1. LEU192 to ALA55: extension gain in nm, 0.36 nm per residue of separation minus the Cα-Cα distance?
2. When Lys and Arg each count +1 and Asp and Glu each count -1, what net charge do the other residues less than 15 Å away from GLU53, Cβ to Cβ, add up to?
3. Trypsin sites (Lys or Arg not before Pro) within the stretch 148-211: which are DSSP loop residues with at most 15 other Cβ atoms inside 10 Å?
4. Show which lysines lie in cross-link reach of LYS107 when reach means a straight Cα distance below 24 angstrom and same-chain residues fewer than eight apart are skipped.
5. Would you tell me the accessible area of GLU94, worked out with a 1.4 angstrom probe on the heavy atoms of the protein chains, in Å² to the nearest 10?
6. Would you give the gap between the C-alpha center of the stretch 49-92 and the C-alpha center of the stretch 155-230, rounded to a whole Å?
7. With the dipole of the chain worked out from charges on the C-beta (+1 for Lys and Arg, -1 for Asp and Glu) around the Cα centre, which of ALA86, ASN71, LEU250 lies farthest toward the positive end?
8. Using a probe of 1.4 angstrom, how much of the accessible area of the stretch 131-244 is carbon and sulfur, in percent?
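The values are calculated or read from the model by the stated rules, or taken from the named source; none is laboratory data. Just so it is clear, the model here is predicted, and its values are computed rather than measured. Note: ideal-geometry Cβ built from the backbone for every residue, glycine included; neighbour counts use all protein chains shown. Side chains included, ligands, DNA and RNA excluded: accessible areas come from the protein's heavy atoms. Shrake-Rupley method; radii C 1.70, N 1.55, O 1.52, S 1.80 Å.
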Amino acid sequence: MAMNPSRALGSILGLVLLATAQIASAQQDPTLSTGGASPALDQLKRGYVAMGEGAFATALGHYRSALENANTRELRFQALVGIGSAEAALDRLEDARGSFNLALEIKPQNPGALYAAGMVAKDQNRLDDAADLFARAAVRKPDFGEALTQLGVIYAFQERYEEAASACWRAVSVAPKDAEALLCLGVARYHLGLYAEASSAFDAVVEIDPLNPRARYSLGLCKLYLDDTDGALAEYAALKDLDPGLARDLYERIYPPQ
């Protein structure tokens, strides 16, 4: 059972959250309010709106303009993380890596920037770098569930299942309804041979997302290894319409071809 890697668009999420918080804070600061007092801030806001609309190339232009007009360390940092997030969304991962590195030179311990850089490293298959970045983000912000989940996912890719289970359990403790964290926890427990515990995690994913084929397939495998053939067949039945390929694989595990 393998974890599936995400694409670079996931790295935007951490940066958008970061940008939102900074922009909202700036709007409450009369010295950085509207009216043309801060061209860099105005461009950051325009970039944020463009990102939300999926106009990533337009957003990149706004963030570059923000960088050109940045006259403080904070505005330069925000412009660089905006540039990196837009480049990641455009699948320009090496460019995004460079932009995030520049941002981290300004704020080496910023959790949002560490997380976004980790997502790019993950999508570039630089798994050791990604693990380091996610771990650093989680140290700086212990309740950073997304970073903990991604750390667990990376450990699962590397077949470090005890560490994956630990990271994802911490993520679930922060966000009990996070389907990705629960799925990662289930995968790690499955590979550790803890089928009952894995089954509980996959059951929780199915409660949240009944149409999740990976959770259904994984739950079926756990049921099979727990000698619950009827339960495994129930997951097979649910899978037939969701993912015929996974359904066929599960059926052949229940009834191996002679």
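1. Details: separation 137, 0.36 × 137 = 49.32 nm, distance 4.33 nm.
Going from the current span to full extension adds 45.0 nm.
2. Values: positive: LYS45, ARG46; negative: none.
It works out to a net charge of +2.
3. Values: sites: ARG160, ARG170, LYS177, ARG189; in loops: ARG160, LYS177.
Loop-located and lightly packed - LYS177.
4. In chain and number order, the partners are LYS45, LYS122, LYS141.
5. 110
6. 37
7. ASN71
8. On the way: 2530 of 5160 Å².
Within the stretch 131-244, the accessible surface is 49 percent carbon and sulfur.
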